[in-house]
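The values are calculated or read from the model by the stated rules, or taken from the named source; none is laboratory data. This structure is a prediction, so every number in the text was calculated from the model and none was measured. No Cβ is skipped: glycine too gets one built from the backbone with ideal geometry, and neighbour counts run over all protein chains shown.
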Amino acid sequence: MRSEVLKVLTTRTAAGLAAAMGGLVALAVALHAYGLPADRLATAEDQLDFLVGWGAVLGALFASLLGALSFTAEVRHGTIRPTLLVTPRRARMVLAKAVAAAGGGAVLGLTGTATAVLAGRVVLAVRGLSWALGAADLALLLGGGAAAAALWGLLGLGVGTVVRNQVPAVVGILAWVLFVEGILVDTAPGVGRLSPGALGQAMSGLRPETLLVPVVAAGLLGAYGAAALAVAVVATNRQDAP
Amino acid sequence: MAPAQPRIPADPPPGAGAVVARHLTKRFGATVAVDDVSFSLAPGTVTGFLGPNGAGKTTTLRLLLGLARPTSGEALVLGRPYAELDRPARRVGAVLESGDLHPGRSARDHLRVLAAAGGIEGRRVGEVLALVGLGAAARRPVRTFSLGMRQRLGLAAALLGEPELLVLDEPANGLDPEGVRWLRQLLRSFAAGGGTVLVSSHLLAEIAQTVDRVVILGGGRVVADAGLAELAGGGQTLEDAYLELTAGAVS
């Protein structure tokens, strides 16, 4: 387990992911804060959905990339072989990676939401608009964002162990989060709100009129995360090492 | 079935040997990569694992090390299937490909990662880096390493847990003559200390100077399993014997 944490910390990948995420969050928040008319940014709900929510969305996305890369990068560079020689039991290896992916994911989720709050406050202040979010909103956003990103790290690990190949894994996750889920939630909200991205957003208190309440969403996303781990164990057990 | 050649012994006795392969077979679709391979390695010996490209050497090593599952048959390492060993990195040191390194990670960090996962004390990292002559390059990212340096780093990883068994796939590739001699002495002294070595190679002249026994694969089958003296001697070199044996195995 310490080994998996060391793996994350001894290359620049995690720092690169965090930097890219921070930049994207700040950009998305700033663009919306400048671009939207003032009456769309007046209430706490609007500011959550259109501004700081980007921190939760992108935090979860990057957490899943971190989780997927924790396996696909080992396949790509061949380090999966030494890893399996030291830890030949696949379930143990998957659990160690799960701890690192969830921990790293939580850090990314927290960083993403905190960056969004910071950028949102700055840009709203520059425009002379008032900040409507209270302490309870922020606590839910940051706590829910971190917890959802941790679980998304597990989902990413599941995808990585099944797909194995880095580029398709990353493209698949991006396509799902950026296109498929958005379409699902808009066209069939009854089904769409059960999708993992919508559950993650629900955990941060976004779009309460469409999405599930945070606690229910957390339970369901937790079940998805556990299922992803089970899939990862089965997939790594059934397939020969690359 | 044709009568077995005299050089192929009967089944290894159950439980004996640091490494035991029993009727190992691995199919990929219609291709049979490893075909009913059986052999046994006595503790304290160095065995050369030879065969043409595609003969099934690497696949056999992967089966022995639990990286792939045999279609049928059994592979035992130190008396058990590899995956059932407790802390395998402290008992078996193995290198399959010298390129199995993350290019952005330093030599030292690679070994720290493996030591942490293998339950090996951190001080061993510095010791094995010095042993393989990479002390000065320890903090450089692996992308700056030559092939020979990668081989040395792979060996350092294999030696990290002070194992009883070394399994090495073409460890001499990319080593300079001095490195080749160093490797030979390392393997000999490892065996002299009671360790067992299984080493694959195409460098027959080098193998002839290093090993006690050879197991030769051809077309996925064992075509020879004999002491070096039985194959090479009486005016015949290991190369002569190897080419004669493997020519017969190609269908």
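Some observations on this one:
- Of all residues in the stretch A:1-13, none satisfies the criterion of being closer than 16 Å to residue B:107 by Cα, more than 8 Å from every other protein chain (Cβ to nearest Cβ), touching a helix residue (DSSP H, G or I) at 6+ places or on another chain (Cβ under 6 Å) and surrounded by fewer than 20 Cβ atoms within 10 Å (Cβ to Cβ).
- Checking each residue in the stretch A:28-56 for being within 24 Å of the chain's Cα centre (by Cα) and either outside any helix (DSSP H, G or I) or surrounded by fewer than 24 Cβ atoms within 10 Å (Cβ to Cβ) (or both) picks out A:28, A:30, A:31, A:32, A:33, A:44, A:45, A:46, A:49, A:50.
- Residue check for residue B:91: surrounded by fewer than 20 Cβ atoms within 10 Å (Cβ to Cβ), more than 18 Å from residue B:185 (Cα to Cα) and in contact with an Asp or Glu (Cβ under 7 Å, 6 or more places away or on another chain): yes
- Members of the stretch A:14-44 found to be touching a helix residue (DSSP H, G or I) at 6+ places or on another chain (Cβ under 9 Å), in contact (Cβ under 8 Å) with a residue 24 or more places away in the chain and of a type outside the set (A, V, I, L, M, F, W, C), listed by number: A:22, A:34
- Considering the stretch B:124-133, the residues that are within 17 Å of residue B:106 (Cβ to Cβ) and part of a helix (DSSP H, G or I) include one that is farthest from the chain's Cα centre (by Cα), namely B:126.
- When the stretch A:57-79 is limited to residues that are assigned to a helix (DSSP H, G or I) and among the β-branched types (Val, Ile, Thr), the one that is nearest to residue B:111 (Cα to Cα) turns out to be A:75.
- Tabulated pairs, the stretch B:63-90, first at the interface with another protein chain (Cβ under 7 Å from one of its Cβ atoms), second assigned to a loop (DSSP other than H, G, I, E, B) and basic (Lys, Arg), C-beta under 8 angstrom, 6+ apart or interchain: B:83/A:89
- The set of residues from the stretch A:159-184 being among the aliphatic types (A, V, I, L, M), surrounded by fewer than 21 Cβ atoms within 10 Å (Cβ to Cβ) and either under 17 Å from the mean Cα position of the chain (by Cα) or more than 30 Å from residue A:94 (Cα to Cα) (or both) comprises A:170, A:171, A:174, A:175, A:178, A:180, A:183, A:184.
- Among the residues of the stretch B:160-175, the one identified as surrounded by fewer than 19 Cβ atoms within 10 Å (Cβ to Cβ) and in contact with a helix residue (DSSP H, G or I) (Cβ under 6 Å, 6 or more places away or on another chain) is B:174.
- Count of the stretch B:51-66 residues which are touching a helix residue (DSSP H, G or I) at 6+ places or on another chain (Cβ under 6 Å) and either modelled with pLDDT of 95 or more or on the phi > 0 side of the Ramachandran plot (or both): 3
- Filter result for the condition that a residue is at pLDDT 95 or above and surrounded by fewer than 24 Cβ atoms within 10 Å (Cβ to Cβ), over A:107, A:122, A:126: A:107
- Residue count for the stretch B:134-155 under the criterion of being over 11 Å from residue B:108 (Cα atoms) and surrounded by 15 or more Cβ atoms within 10 Å (Cβ to Cβ): the result is 8.
- When the criteria are applied in full, residue A:90 meets the requirement of being among the charged types (D, E, K, R), within 14 Å of chain B (Cβ to nearest Cβ) and surrounded by 20 or more Cβ atoms within 10 Å (Cβ to Cβ).
- Residues in the stretch B:91-114 that are assigned to a strand (DSSP E or B) and within 7 Å of chain A (Cβ to nearest Cβ): B:94 only.
- Residue B:166 being closer than 28 Å to residue A:73 by Cβ, outside any helix (DSSP H, G or I) and touching a Phe, Trp or Tyr at 6+ places or on another chain (Cβ under 9 Å): yes
- The condition of being assigned to a loop (DSSP other than H, G, I, E, B) and either within 17 Å of the chain's Cα centre (by Cα) or more than 30 Å from residue A:37 (Cα to Cα) (or both) holds for only one of A:82, A:88, that being A:88.
- Those residues of the stretch A:185-216 which are part of a helix (DSSP H, G or I) and within 14 Å of the chain's Cα centre (by Cα), in sequence order: A:196, A:197, A:198, A:199, A:200, A:201, A:202, A:203
- Flag for residue A:132 being in contact with an Asp or Glu (Cβ under 9 Å, 6 or more places away or on another chain) and within 17 Å of residue A:43 (Cβ to Cβ): yes
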